[in-house]
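These notes are about the structure you will find just below.
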Amino acid sequence: MNQITRSFNNLGSTDGIQSAALRYNELARDILSAGIARGDFLLSDGRATNYYFSRYSIFTKPTIIRRLAGLIADRLPGTTDRLAGDIDGSLMLAEAVSLHTGLPYVAVRRSQAGPANDLEGEIYQGETVVVIEDIISTGEHALEVVRKVKSIGASVPCVLAAIDRRDGAAAKLADEGVALDSLYTADDLIPSDDTVGSATRR
């Protein structure tokens, strides 16, 4: 695994920085142990890979999702009124962050999914809503969630993801005026000479 480097300077002491970095690296190892499937796979965008991030192997483990929720909560803008999650993808993580912070969340259905209601839960015009993603790749799904939230009249300053595969999501969201922040990238978690992906998500 690549050496993971992140800044923890805001913690105020060398011991605090080292402790936070240690917890961050331990979580990365747990994610890899729980959620990397190896073999020959075809990703949803047509690329071949010899392993991929398995969403349900990662995000159904309480010891992992609880720590991810805490780290994501630390990155939420102070003006956040509500969270949003894709009902067909990142809802487990959005629920965990909601429980950690006490912030309400809305479940969003993308096109072709579910009955006519696109949004399940309360959401109001003028609110600041942060979209939570578990594994983000091209950003197509996240962008659809962002646009549905914006259509209500809420603002979306950013998407917060657990893992960014770095397949173009940041640029796509930036074109919409939305920032992408992630706890881990594929470069953090996977050796650079391998192809990475999520066979269950774009």
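The values are calculated or read from the model by the stated rules, or taken from the named source; none is laboratory data. Given the structure is predicted, the values throughout are model-derived calculations rather than measurements. Neighbour counts are summed over all protein chains in view; Cβ atoms, including those assigned to glycine, are modelled from backbone coordinates with ideal geometry.
Structure notes:
- For Ala116: the one exception among (1) assigned to a helix (DSSP H, G or I); (2) more than 29 Å from Gly39 (Cβ to Cβ); (3) modelled with pLDDT under 90: (1)
- Among residues of segment 135-172, those that are buried (at least 24 other Cβ atoms within 10 Å of the Cβ) and among the polar types (S, T, N, Q), counted: 1
- Whenever a residue of segment 46-57 is under 16 Å from Arg166 (Cα atoms), its partners that are polar (S, T, N, Q), lying with C-beta atoms within less than 6 angstrom and at least six residues away or across chains, give the pairs Thr49/Thr195; Tyr52/Ser198; Phe53/Ser198.
- Selection status of Ile132, surrounded by 17 or more Cβ atoms within 10 Å (Cβ to Cβ), closer than 23 Å to Leu71 by Cβ and modelled with pLDDT under 95: no
- Segment 71-95 - residue that is in a loop (DSSP other than H, G, I, E, B) and over 13 Å from the mean Cα position of the chain (by Cα) and, of those, surrounded by the fewest Cβ atoms within 10 Å (Cβ to Cβ): Gly78
- Per-region count, segment 101-113, residues at pLDDT below 95, under 26 Å from Ile65 (Cα atoms) and out of contact with any helix residue (DSSP H, G or I) (no Cβ under 9 Å at 6 or more places or on another chain): 1
- Single residue of segment 55-70 satisfying the filter (under 14 Å from the mean Cα position of the chain (by Cα) and of a type in the set (D, E, K, R)) that is surrounded by the fewest Cβ atoms within 10 Å (Cβ to Cβ): Arg66
- Qualifying residue in segment 146-161 (condition: assigned to a helix (DSSP H, G or I), within 14 Å of the chain's Cα centre (by Cα) and at pLDDT 95 or above): yes
- Condition check for Ala34: in a helix (DSSP H, G or I), out of contact with any strand residue (DSSP E or B) (no Cβ under 9 Å at 6 or more places or on another chain) and surrounded by 14 or more Cβ atoms within 10 Å (Cβ to Cβ): yes
- Looking only at segment 39-62, and only at residues there that are touching a helix residue (DSSP H, G or I) at 6+ places or on another chain (Cβ under 7 Å) and in a helix (DSSP H, G or I), the one that is nearest to Leu189 (Cα to Cα): Ile58
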